1. With each pseudo-label sitting 7 Å past Cα toward Cβ, what's the residue B:158-residue A:215 distance in nm, one decimal?
2. Determine ³J(HN,Hα), in whole Hz, for all residues of region B:94-102 in sequence, where each value follows from phi through the Karplus function 6.51 cos²θ - 1.76 cosθ + 1.60 and θ = phi - 60°; x replaces Gly and Pro.
3. Once the Cβ-Cβ distance between residue B:246 and residue A:44 is put in as r, and R0 is 45 Å, what FRET efficiency do you end up with, to the nearest 0.05?
4. Highest mean first, how do B:69-81, B:235-247, B:35-47 rank when packing is the count of other Cβ atoms within 10 Å averaged over residues?
5. Given R₀ = 25 Å, FRET efficiency for residue A:97-residue A:224 by Cβ-Cβ distance, to 0.05?
6. With viscosity set to 0.890 mPa s at 25 °C, what whole-number translational diffusion coefficient in µm²/s follows for the protein assembly as shown from Stokes-Einstein and a Kirkwood radius over Cα pairs?
7. Using a simple spin-label model with points 7 Å from Cα along the Cα→Cβ vector, what separation in nm is obtained for residue A:107 and residue B:99?
8. Project the alpha carbons of region A:115-234 onto their principal axes and report the range along each, largest first, in whole Å.
Amino acid sequence: MSAPESAMKSTAASLGQRLDRVFADLTVLAEKATGIIAPSGTSRNMLEALKPEVARIVEDQAGLVESAGVSVIPGLLDDADTWHQWWSLIDGQLVFVPHNLNPASVNYYDYTEMTWFERPLASGRPELIGPYLDFGGANTKIVTASRPVVIESRTVAIAGADLTMDFIERIFLRNLGRRDEPIALITETGKVVASNSARFAPGTRFERPEEHPGSVPVPVTELAASPWRLIVAG
Amino acid sequence: MTDMGGTVSLRALDMAAQVRAQGQVMSGRAEQVTQQLETAIGLGLLNPGERLPPELVMADRLGVSPLTLRQSLAVLRSKGLLETRRGRGGGSYVTGMLAVRETDIARELRNYKSSDLRDLIDLAASTAGSAARLASRRSDELDVRRLRSLAQRFASSSEPHMLRQTDARLHIGVGVAAQSRRLTSLLIQVHAELSPLTWGEAWRLEHANAVQGHEDMLAMIEQGNAAGAEDSAIAHFEREGALIIDQHLDLLTSDLADPQ
């Protein structure tokens with residue numbers, strides 16, 4: 001095995017392990033949400049009970065997860081049509097982030113149309129979305145891991161965690177430990193998540209990734225097919 | 001030193017006020033104004049030998065109290081960037097230049113998240129491209145001559161702090177040639193942020209490339225070739241942006257390998 005190949009494999013394994021931990025935490029969060037949400041009679045303030053769990057996740061995943069929560073499907077709650085119960089770490093404090101859920105507003109944060117909400121709702125499975133600019137939400141470029149919250153085999157909400165690009169890049173660069181050959185971490189659509197070269201900007205589509213042989217998938221236990229892989233980009 | 005530079009114009013001061021410090025935690029208004037004036041000196045909006053306007057006028061222009069302004073001026077004096085002269089023709093004069101120091105560049109770069117750095121460079125390329133496009137349609141012979149003389153000042157510079165200053169001035173000058181007040185103001189902000197990251201060790205082979213990049217852009221502007229002007233400006237900033245990002249990646253990679 002060549003030197004870059006072994007560095008790529010160990011980088012992929014490290015990324016996979018961190019993502020596994022995020023999805024394991026999301027499973028716990030989703031289970032807690034299942035325990036709170038009833039088929040009827042659930043109000044939005046009941047979701048505030050999830051805060052200690054989100055606090056634990058943000059602490060355990062320090063640097064990687066800075067925002068997490070649960071968003072319900074429209075019509076589930078008694079006192080709100082939609083509700084986005086998320087907390088973010090702001091200046092070291094975990095705070096509830098009010099989103100504008102008024103469809104008439106120009107700042108309307110329509111989470112029901114966002115990929116991290118739609119995809120697991122449609123697939124019934126955990127998903128890894130991004131990188132994308134979360135405009136009106138985190139207001140920065142992020143990756144979101146999300147999964148369904150299920151009650152009696154019906155998806156009633158989506159539990160999610162926002163991952164910082166910064167930390168993903170740190171895991172990537174630390175494990176790779178080299179800049180001699182351009183290597184990129186890309187998504188299934190060819191978007192660059194991180195790279196050790198200025199030539200490949202995160203968030204940019206990598207042209208013709210299939211032409212770059214020797215790609216190393218990032219193994220994520222909970223995901224059916226690995227959406228991320230490392231390629232030699234030179 | 002004689003008063004050859006004259007008095008800093010209110011326009012230059014307004015430009016300094018547009019400089020917005022980013023990527024750093026500011027403790028207060030005084031620190032912010034210090035940073036604004038320091039950056040304005042670095043960009044050559046304020047130049048050695050020039051006299052600053054009276055403190056009350058400056059404070060008003062920069063939107064701070066006279067007391068706050070005096071605090072900032074004291075800091076700049078202690079850094080050797082200003083000096084105060086008494087008597088006739090007295091007042092605060094710009095005396096110093098900001099030297100390019102490798103440790104400052106590294107510190108600035110470490111303050112950036114990769115995605116914010118990339119965003120800054122994207123904005124630099126986009127604004128430069130738009131300014132060059134407009135300039136190609138709007139510049140007359142005099143405008144082009146002015147840009148050429150700015151490019152010449154850059155080409156004949158060799159000291160890093162002069163390269164930094166003349167480089168930023170040329171690119172801000174393209175906004176002026178584009179006759180867009182808003183674009184020029186945006187260019188000042190972009191270069192105020194970008195300039196402290198430029199012309200360090202990693203740029204030692206860049207001078208000839210930059211001279212050529214400027215020449216390509218100016219030729220397109222002169223020919224009235226809008227698409228060519230835009231493309232060459234963007235290519236120029238993508239090239240220099242890569243120098244900055246690669247240096248940032250070098251720092252990150254070595255910092256991570258060597259935990260303190």
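Values quoted throughout were computed directly from the atomic coordinates according to the rules given, and no laboratory measurement underlies them. No experiment lies behind these values; they were computed from the predicted model shown. Here Cβ is always computed from backbone atoms with ideal geometry, including for glycine, and neighbour counts include all displayed protein chains.
1. 5.0
2. Values per residue, Gly and Pro as x: 6, 10, x, 10, 8, 6, 8, 10, 4 Hz.
3. FRET efficiency, residue B:246 to residue A:44: 0.40.
4. B:35-47, B:235-247, B:69-81
5. Rounded to the nearest 0.05, the efficiency is 0.25.
6. Estimated via Stokes-Einstein, D reaches 96 µm²/s.
7. Placing both labels 7 Å beyond Cα along the Cβ direction yields 4.7 nm.
8. Computed over region A:115-234, the largest-to-smallest principal extents equal 52, 30, 25 Å.
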